[in-house]
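Here's the structure we're looking at; comments come further down.
Every number in this text was worked out from the coordinates using simple rules, so none of it is lab data. Just so it is clear, the structure is predicted and the values come from calculations on it, not from any experiment. A quick note on method: Cβ atoms are made from the backbone with ideal geometry, for glycine too, and the neighbour counts reach across all protein chains shown.
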Amino acid sequence: MRKVAPLALLLVLAGCGDTYTPAALYQATSADCATPVDADTFELPRGITVAATTVLPEPAEGGMEIGVNYMLPRTTHVKFATAHFQVSQPKGALIENATVLSVYQRPTNGKPEMVEIVNGVPLALFSVATSDDTQFRYRLIIKGKLPKRFDLTPPDVIIGEKRYVSRTFTYRWFEDKKAYGMCH
């Protein structure tokens, strides 16, 4: 028994490791980012996801509107390690921090509820216990003049006690559509 105990302890400790391996942290897969996409989802640990939409067609309050969704399975929560959705040059300098127009929370089996916004980004998101998943939808507006291509980076998150970087979503001007859109 004494010879088996250290081996059993080693196996138990090996099973406690962090098995999360993120997908690519930068969405664009080619230099010209020529392939348009409607949305993109990035998986975080514990089944939590963050997804961004393409630019919404109607300008909002004099700017460009983009949606970012967080989906949290029951019993999970996310803390924000940073307080801004950053809009930047491709892999480069900050252009501006997007303004949060609204946030709503929706259990997947219920109606949306507005979440009060305090200076842009709530400090934490908590799933509800009455639904398998809870969606938090951020409506962002970008008001500044944008280059032909730009990146949107959501805040880093803390899940458990560990900090995770989110995917940087990439957008560009599509001349044929005469509009900005998300791209790979």
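Would you mind putting 19-29, 103-113, 74-84 in packing order, based on average other-beta-carbon counts within 10 Å, highest first?
Output ranking for 19-29, 103-113, 74-84: 74-84, 103-113, 19-29.
Is the range 25-184 rounded, prolate or oblate when judged by the Cα gyration tensor, a ≥ b ≥ c being the square roots of its eigenvalues, rounded requiring a/c under 1.5 and prolate requiring a/b larger than b/c?
prolate
To the nearest Å, what is the center-to-center distance of the range 59-98 and the range 125-161, using C-alpha atoms only?
Between the Cα centres of the range 59-98 and the range 125-161 lies a distance of 5 Å.
Rounded, prolate or oblate: which fits the range 98-184 when a ≥ b ≥ c are the square roots of the eigenvalues of the alpha-carbon gyration tensor, with rounded for a/c under 1.5 and prolate only if a/b beats b/c?
Prolate, because a/c is 1.5 or more and a/b exceeds b/c.
Spelling out what I want: for every residue of the range 42-50, take phi, set θ = phi - 60°, compute 6.51 cos²θ - 1.76 cosθ + 1.60 (Karplus), and round to whole Hz; glycine and proline get x.
10, 8, 10, x, 6, x, 7, 10, 10
Please report the net charge: other residues with Cβ closer than 12 Å to the Cβ of GLY110, K and R +1, D and E -1.
Overall, the nearby charge balance is -1.
Compute the signed sum of charges (Lys and Arg +1, Asp and Glu -1) over the other residues within less than 15 Å, Cβ to Cβ, of THR170.
Neighbour charge sum, excluding THR170 itself: +1.
Given H placed on each backbone N at 1.01 Å, which residues far from TYR26 in sequence or on other chains put an amide H within less than 5 Å of it?
Excluding prolines and chain starts, which carry no amide H, the hits are THR168.
Checking the cross-link filter: which lysines have an alpha carbon closer than 16 Å to that of LYS162, excluding same-chain neighbours under 8 positions apart?
LYS79
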